[in-house]
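For reference, the structure discussed in these notes is given below.
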Amino acid sequence: METLFFFVVAAVAVISGLLVITCKNPINSALSLIMTFFCIATFYVMLNAPFMAAIQVIVYAGAIMVLIVFVIMLLNIRSEAGRRGAHTTLFGSALGIFGLIELLYFLAKGGLTGSRGGLDAKIIEQFGHTELIGRALFTQFLLPFEITSILLLVAIIGAVILAKKNI
Amino acid sequence: MGYEILGLPLIYYITMVAKTVAVFVFVLLTVAYATWAERKLIGHMQVRIGPKRVGPYGLLQPIADGLKLFFKEEIVPAQASRFAFLIAPLVALVPAFISFAVIPFGDTVTIAGYQVPLQIASVYDGTSMRVLDINVGVLYILAMASVGVYGIVLAGWASNSKYSLLGGLRSSAQMISYELAAGLAIILVFMSSETLSLHKIVAEQAGLFGWNIFRNPFMFAGGIIFFICSLAEINRTPFDLPEAETELVSGFCTEYSSMKYAMFFMAEYANMVTVCAVTTTLFLGGWHGPFPPVVNFVAKVYGLIFVCMWIRATYPRYRYDQLMRLGWKVFLPATLLLICGNAVWLLVFP
Amino acid sequence: MIPLHYYLVVSALLFSIGTVGVLTRRNAIVIFMCVELMLNAVNLTFVAFSNFLGSLDGQIFVFFVMTVAAAEAAVGLALMIAFFKNRESIDVEEMNLLKL
Amino acid sequence: MLEYVWLIPFFPLVGVIINGLFGKKIRNEAFIGGLATAMVASSFVVSCGILIQLIGMEPEQRVFQKVLFTWIQAGTFKADIGFLVDPLSAIMIMVVTGVGSLIHLYSIGYMHGEEGFYRYFTYLNLFTFSMLLLVLGGNMLLMFVGWEGVGLCSYLLIGYYFHKKSAGDAGKKAFVMNRVGDFGFLIGLFTIFWWLGTNHNVWTINFVELKQASELLPFGGVVTFATLCFFLGATGKSAQIPLYTWLPDAMEGPTPVSALIHAATMVTAGVYMIGRMNFVFIKSPTTMLVIACTGAATALFAATIGMAQNDIKRVLAYSTVSQLGYMFLAMGVGAFTAGVFHLMTHAFFKACLFLGSGSVIHAMHHALHHGHLHDDPQDMRNMGGLRKKMPITFVTFLVSTIAISGIPPFSGFFSKDEILWQAFSNPYHGTANVVLWAIGTIAACLTAFYMFRLVFMTFCGECRINPKVKDHLHESPLVITIPLMVLGLLATFGGFIGIPKLLGDLFGGIPNRFELWLEPVFEKSTEYAGQYAHAGTHYGHSVEGGLMLLSVGVAALGIGIAYTLYIASPSIPQRFTARFPGLHQAVYNKWYVDELYDFLFVNPCKALGRFLWKGFDVLVVDGIVNGVAAVVRGFSGVLRYTQSGFVHNYAMTMALGVVVILAFYIFR
């Protein structure tokens, strides 16, 4: 049951991912991408990470993609004037596919291990995923967390400067 | 009732379906009669009578409206992006409904020996004697709210019409702006109740002065700001710029007709109900009150809906720059200050 | 319980799709979206490993990736608007000021 | 109070920071000068407190170390920022901060209206800071920091009027000369550290620990080498043969600087260093003899040059070199106490002399400036008869001159006589003793002669300044004369803390407090000296008394000659000069030592430098650098064709790279 569900979601994710790169119209690409993001959010839920799922939707679907759609609308881009040259497309695709084959081969070789932590579904259920993440962020990862706030501030300032009339 | 499917008792599935259907019907009916109530109320407020011809007191008016719209011609503009144009109304409507999945209508009730929580996405855990709902409920609501914008944006863009496009642009900018302030106002609730689970948030608010809004002055101000921001986020008057008739004809839905138009209409009212329900849950003590839990909850929601209509009848529309200024320069800093104030308050009166 | 490899395969697929998109598309915004897709594929790997190894670190990393993505979106889109103002296009073929 | 020893160098540092960073903006001379003076005066107050506390303690306990923090720690090497307070450094901080604050005060008046007023006071405070670091430093490395610091400040202050070429040259000369000495210091430091460490596993540069470890050092051998290196450092800093030539040139700096740095404090650093390391030096009789001989030779040599100079400050400069020679003589004969005593009294009277000459120059400068004349205000041939115009300056100057000449009961008498007596009677150098003593006595005679020549030419006789501006000569303001008077008093009475035993007994058993005070510092050296000093002849009180009388008589002789030549019959010097033009020229031109150095060292170095510049640097080094650049440019000219400027090409290449690297990892 769960596996079936997984395959359905995975299929939707991959198909809409393909649509992202094949749709001529950027808005359709964006919609497909949102679909993919929802699928990934679903995966997160299945992976016992509801908080990640929620902020996946809020940040990616709710903020970043809205911005992208907004910009597409603002610039009123209907569709691409023309494709790249055939050989570019061919070469790019070949590269991508070859990379994929390599990745899959890498996975097939197996041997993916790592040191195990003590976290499991029960603990997440008991303490709440958000609380766990919050505790980690504000203790072990406090400095990076604070630095990301600076990063965001810089990004905001940069965006405002760039958006000014004359640069 | 001894049957089990996938390790869960059969009653679990039955009650789940029952709850879903009940909530769906409740929301649909509320939406339908909210249109009627609004017309009646505003009519009386403006010293008119409002609809009265279809049925007693015009009670059958919503059904007549629905039928009328249903039988109108479906028009898709020639230059429109067909796929996006068709999907937009659905995208607008769905998030408004599915937010209800996590809103608790009441505490548990006992059915056939089982404790059943009155919240769709939750179960009663017999071993730990507590209600388990998704522990990121509030984030879920925020997520759905942020997704709701796509319907309008898509509709505006897909119509390939200047009015629609402007309406869609305005709408998305407005929603992003007010989402921030609304989200920050919710943080006030997190700070007091220290959980993201809506069931726990409500369970904590027992008694009139247990309501979050009455906890301290900062929460009070935060509740009001949250409600106003929510109004802006769902494009209710006085923030209904995306469909400002005087400037943009009908905004993003200018090119829509028939059932698709009806869906936008429904989405708008469903959103209103959702927002009122969320406000009730977060700030007004949810199901707590003098009557049976569900009655309390519904009464509070209807009260807030009345307030929405009252506001619509009373206030003029904001200008666009005023709207943006209010969002970014008033509410955003105000909520940040409230958070700081609330933090201090919680430190002083733990 | 779904094995870790399933997630990794999905992630690899999405990542490759994103790569191909970046390499073959001309519209800067679409390229941008493809980059986001690649980031998400990596995020999925992180969360999958995090769950299977029972450690939160991967998810924290995803959190930071999301932050970076948000910052990137803000600056990147502002850049595109600025570029569009000057060139009336966001075709990457037109972005050749670095050229000799 | 001892805990607060760090305040002593800290105060001047505050002055440096404030004046150095904001002085240019402040501009208010009263504030800048006042602040700098107040900072040094505060250090003086703290020093007084420390001295009083030390006096109150038992003699054996008068060693205090204050470690602020660890500065360098690397393997077995450890250096702290820590201060050492003992009787020796207590005397030094008293001299440095006491004389220093007087000179700061004096400078406010002297430097009035100069360009870069704040710069001057910043340097002066920085100097005080470095000097205090030098004398308080608890280990050799920290001492070396101070050692370098004072050298730097000396350079900066000599070159204070940097727009004058001669001042810049003098600064460079001082700096380079000092560097030669510093090299010796470092080698000595390394030698001691390394030898103790490898042979006895005592890795230390801390003075207190070194003192304990000095038992392990052998007599002669490596110690001779190390101490000779240290002594090379001392000759550089303290202007001894062969590295003395920078000091007379240093008179290009402002006069208060000459007083503070080139008379009272910095130049005594070498003496202090030998005193601080006495337990090492005493272990090498060879070095002791070298020090004594160098000191005696310098004393005599500089004195002869001083006789023929006409520039008032140059006479004083050679006098300083000569007196430093005395101090080294004392160190060399094992009379550390006497050396330090002379250091102190010399600080008083030489500072007073320099400041007095500054006062004279100040007056002359103003007068000449008034008349728009371009005569040299420092040339004694233009002076004369200033006694009536500048009574305070004259009196203080005269007192100090008497003191330096060694007339009892002025301070110089006690210290100089002690040195001469020790030179005669010490048990280390055998027959050389008589020679050392004789040279010292002759130098004393010459000292009395040239100093009184200076006084007579400047203050007595006819006024030789241009008559037009005669009436503009007048006494300097109070801010200048107060330090003069204080120092004059010190020069007069400062000697009484170290009355020789002979005289003390005569006046009812007054002990030599100074010697008692310093005894614990030099206890080790007394102990070691006993192991190799021969019994020597024991001289009676009559010999000591006789020598004392003889030295006074010699001084009086010098004064008499000066009186005869410059007051009674001023024509004799001219006739003498006419008779022996070669001798006079040689002395006047400082025995041509500078020219010799130029010939021997400076010009070869310049030639080598020019060769390295034209031959090596331009051709080889630049050739290699430019060649590499040219090759890179050639290659990049070819490679730039791969840079299409299209973003997607770069992206494609990047992806290709990733795929290849992945392939490498999988299929390797």
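The values are calculated or read from the model by the stated rules, or taken from the named source; none is laboratory data. Being a predicted model, the structure only gives us computed values, none of them experimental. Virtual Cβ from ideal backbone geometry, glycine too; neighbours counted across all protein chains shown. Quick note on the areas: whole protein, heavy atoms, side chains included, nothing else; ligands and nucleic acids left out. Shrake-Rupley method; radii C 1.70, N 1.55, O 1.52, S 1.80 Å.
The condition of being β-branched (Val, Ile, Thr) and assigned to a loop (DSSP other than H, G, I, E, B) holds for only one of C:Ile17, C:Ile81, C:Ile2, C:Ile31, that being C:Ile2.
In this structure, D:Gly657 does satisfy being free of Cβ contacts under 8 Å to residues at least 24 places away in the same chain, more than 10 Å from chain C (Cβ to nearest Cβ), under 23 Å from C:Leu23 (Cα atoms) and out of contact with any helix residue (DSSP H, G or I) (no Cβ under 8 Å at 6 or more places or on another chain). Among the residues of the range B:285-326, those that are part of a loop (DSSP other than H, G, I, E, B) and buried (at least 16 other Cβ atoms within 10 Å of the Cβ) comprise B:Gly285, B:Gly286, B:Trp287, B:His288, B:Gly289, B:Arg317, B:Tyr318. Within the range D:70-89, the set of residues being outside any strand (DSSP E or B), surrounded by fewer than 23 Cβ atoms within 10 Å (Cβ to Cβ) and of a type in the set (Gly, Ala, Ser) comprises D:Gly75 only. Within the range B:152-175, residues that are on the phi < 0 side of the Ramachandran plot have Cβ atoms under 6 Å from residues that are open to solvent by less than 10 Å² (accessible area, probe 1.4 Å) and among the hydroxyl-bearing types (Ser, Thr, Tyr) in these pairs: B:Ile152/B:Ser171; B:Val153/B:Ser172; B:Gly156/B:Ser164, counting only partners at least 6 apart in sequence or on another chain.
I'd like to verify a number: residues in the range C:38-56 that are facing another protein chain (nearest Cβ under 8 Å) and either farther than 15 Å from A:Thr113 by Cα or part of a helix (DSSP H, G or I) (or both), how many? Of the residues in that region, 10 qualify.
Entry remark, the range D:501-539: residues being modelled with pLDDT of 75 or more and open to solvent by less than 40 Å² (accessible area, probe 1.4 Å) number 14 in total.
The helices (runs of 4 or more DSSP H) found entirely in the range A:36-154 that carry 1 or more residues being under 28 Å from C:Phe52 (Cβ atoms), out of contact with any strand residue (DSSP E or B) (no Cβ under 7 Å at 6 or more places or on another chain) and in contact (Cβ under 8 Å) with a residue 12 or more places away in the chain are A:50-55, A:121-127, A:129-138. Criterion applied to A:Met35, A:Met52, A:Met46 was being among the aliphatic types (A, V, I, L, M), touching a Ser or Thr at 6+ places or on another chain (Cβ under 6 Å) and crowded, with 17+ Cβ neighbours inside 10 Å, and the one residue passing it is A:Met35. Got at least one residue in the range D:457-472 being under 27 Å from the mean Cα position of the chain (by Cα) and open to solvent by less than 30 Å² (accessible area, probe 1.4 Å)? Checking the range D:457-472: at least one residue is under 27 Å from the mean Cα position of the chain (by Cα) and open to solvent by less than 30 Å² (accessible area, probe 1.4 Å). Considering only the range A:23-49, state which residues are over 14 Å from the mean Cα position of the chain (by Cα) and more than 9 Å from chain C (Cβ to nearest Cβ). Those that are over 14 Å from the mean Cα position of the chain (by Cα) and more than 9 Å from chain C (Cβ to nearest Cβ): A:Lys24, A:Asn25, A:Ile27, A:Asn28, A:Val45.
Residues in the range C:21-32: is at least one at the interface with chain A (Cβ under 7 Å from one of its Cβ atoms), of a type in the set (Val, Ile, Thr) and free of Cβ contacts under 8 Å to residues at least 40 places away in the same chain? Yes - at least one qualifying residue is present in the range C:21-32. Report yes if some residue within the range D:181-195 is touching a Cys at 6+ places or on another chain (Cβ under 7 Å), modelled with pLDDT of 85 or more, more than 27 Å from D:Leu487 (Cα to Cα) and among the β-branched types (Val, Ile, Thr); otherwise report no. Looking through the range D:181-195, at least one residue is touching a Cys at 6+ places or on another chain (Cβ under 7 Å), modelled with pLDDT of 85 or more, more than 27 Å from D:Leu487 (Cα to Cα) and among the β-branched types (Val, Ile, Thr). Checked against (1) more than 7 Å from every other protein chain (Cβ to nearest Cβ); (2) open to solvent by 40 Å² or more (accessible area, probe 1.4 Å), A:Phe70 meets all criteria but (1).
Of the helices (runs of 4 or more DSSP H) lying entirely inside the range D:501-574, those carrying at least 3 residues that are polar (S, T, N, Q) are D:523-532. Taking the range C:7-61 as the range and being modelled with pLDDT of 90 or more, of a type in the set (Ser, Thr, Tyr) and surrounded by fewer than 24 Cβ atoms within 10 Å (Cβ to Cβ) as the test, the residues that pass are C:Tyr7, C:Thr45.
Residue selection: C:Glu88 fails the criterion of being in contact (Cβ under 8 Å) with a residue 60 or more places away in the chain, more than 12 Å from the chain's Cα centre (by Cα) and open to solvent by 40 Å² or more (accessible area, probe 1.4 Å).
Taking the condition of being more than 9 Å from chain A (Cβ to nearest Cβ) and either surrounded by 24 or more Cβ atoms within 10 Å (Cβ to Cβ) or under 14 Å from B:Glu179 (Cα atoms) (or both), how many residues in the range B:149-164 meet it? The qualifying residues number 5. Note on the range A:57-67: among residues that are facing chain B (nearest Cβ under 7 Å) and open to solvent by less than 10 Å² (accessible area, probe 1.4 Å), the one that is farthest from A:Pro26 (Cα to Cα) is A:Gly62. Just one of the listed residues (B:Gly58, B:Gly106, B:Gly66) is out of contact with any helix residue (DSSP H, G or I) (no Cβ under 6 Å at 6 or more places or on another chain), more than 28 Å from A:Leu31 (Cβ to Cβ) and either surrounded by fewer than 17 Cβ atoms within 10 Å (Cβ to Cβ) or touching a residue at least 40 places away in the same chain (Cβ under 8 Å) (or both), and it is B:Gly66.
Take D:Val45 and tell me if it is buried (at least 16 other Cβ atoms within 10 Å of the Cβ) and farther than 30 Å from D:Val202 by Cβ. Taking the combined requirement at face value, the residue does not satisfy it. Taken residue by residue, the range D:294-311 has no member that is out of contact with any Asp or Glu (no Cβ under 8 Å at 6 or more places or on another chain) and among the charged types (D, E, K, R).
Inside the range D:546-574, can you point out the residues that are open to solvent by less than 30 Å² (accessible area, probe 1.4 Å) and at pLDDT below 85? The answer is D:Pro573, and nothing else. Of all residues in the range A:1-22, count the ones that are within 7 Å of another protein chain (Cβ to nearest Cβ) and touching a residue at least 24 places away in the same chain (Cβ under 8 Å). Total satisfying the criteria: 4.
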